[in-house]
Amino acid sequence: MVQAEYEQIRMPLIGDDAPAFKAVTTEGPMNFPDDYKGKWVILFSHPADFTPVCTTEFMTFASMQEEFREMNTELIGLSIDSVFSHIAWLKRIEEKIEYKGMKNLEIKFPVIEDLKMDVAKKYGMIQPKASTTQAVRAVFIIDPEAKIRTILYYPQSTGRNMQEIKRIVIALQKNAAEKVATPANWQPGEDVIIPAPSSMKAVKERLGTPEENTYCLDWYLCLKKDSK
């Protein structure tokens, strides 16, 4: 049996510049990342319009859109469908679908038309062993300098946890503002980790005279109360 040949496309990595593109969307033309200077962005793909898991995801994202905007974060969706299909699907969601108390949801964030898979290929959203005609559930969190800060991939059968995506954005923004890290299972408001000392002198200073509102479990693992 001859093995299928797959086009080799390099997926962007954490720390890379987010690949630039121009696209047609449900909110008009998009020039990315220029149109989003100074903002955090959640760019996410879904397999197809009028599909059940995607419908629940879009409703959940739409219900949280203002929460994200308060965090200076914008949502951008994408699938390999036409803008006309997107519009018809979004209108159906708004007019007909009720899920977990959510109904009459107007989806105001842009959804990209990607019939030629140009954007999907730049972001490694097409994974041939899953599907050659549909994108997987990819999530890219991109910072205000258009650097990729987080990459998440889900199979087509598994819906995303939007609260986890929001938690990641909060953690990234806290890292950018305060140069701290977040421990396992961290939730906003909980204590955060301060950078480990990089010299013997710094170790002695930290253990001898801890900074205000900090405490150490060992010389390399010190936390501080969240400043919020």
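The values are calculated or read from the model by the stated rules, or taken from the named source; none is laboratory data. These numbers were taken from a predicted model, which means no experiment stands behind them. As a convention, Cβ positions derive from the backbone with ideal geometry for all residues, glycine included, and neighbour counts pool all protein chains shown. For accessibility, only protein heavy atoms count, side chains too; no ligands or nucleic acids. Shrake-Rupley method; radii C 1.70, N 1.55, O 1.52, S 1.80 Å.
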List the residue pairs whose Cβ atoms are under 7 Å apart, where the first residue sits in segment 23-46 and is more than 21 Å from Glu145 (Cα to Cα) and among the acidic types (Asp, Glu), the second is open to solvent by less than 20 Å² (accessible area, probe 1.4 Å) and at pLDDT 95 or above, and the two are 6 or more positions apart or on different chains.
Glu27/Pro110
Can you find a residue in segment 145-157 that is surrounded by fewer than 18 Cβ atoms within 10 Å (Cβ to Cβ), in contact with a helix residue (DSSP H, G or I) (Cβ under 8 Å, 6 or more places away or on another chain), modelled with pLDDT under 95 and hydroxyl-bearing (Ser, Thr, Tyr)?
yes
Can you find, within segment 189-228, the residue that is nearest to Glu70 (Cα to Cα) among those that are out of contact with any strand residue (DSSP E or B) (no Cβ under 8 Å at 6 or more places or on another chain) and surrounded by 14 or more Cβ atoms within 10 Å (Cβ to Cβ)?
Pro197
For segment 77-129, what are the residues that are part of a helix (DSSP H, G or I), more than 15 Å from Met59 (Cβ to Cβ) and out of contact with any strand residue (DSSP E or B) (no Cβ under 8 Å at 6 or more places or on another chain)?
Phe84, Ser85, Ile87, Ala88, Lys121
Qualifying residues in segment 8-34 (those that are of a type in the set (D, E, K, R) and in contact with a strand residue (DSSP E or B) (Cβ under 9 Å, 6 or more places away or on another chain)) - the one most open to solvent (accessible area, probe 1.4 Å)
Lys22
Answer yes if at least one residue in segment 147-161 is out of contact with any Gly (no Cβ under 9 Å at 6 or more places or on another chain), part of a strand (DSSP E or B) and in contact (Cβ under 8 Å) with a residue 40 or more places away in the chain, and no otherwise.
yes
Does Thr56 satisfy being touching a helix residue (DSSP H, G or I) at 6+ places or on another chain (Cβ under 7 Å), open to solvent by 20 Å² or more (accessible area, probe 1.4 Å), in contact (Cβ under 8 Å) with a residue 40 or more places away in the chain and not in a loop (DSSP other than H, G, I, E, B)?
no
In this structure, does Ala48 turn out to be among the small types (Gly, Ala, Ser), over 16 Å from Met125 (Cβ atoms), open to solvent by less than 80 Å² (accessible area, probe 1.4 Å) and modelled with pLDDT under 95?
no
When you check Leu13 against the structure, is it in a strand (DSSP E or B) and not acidic (Asp, Glu), yes or no?
no
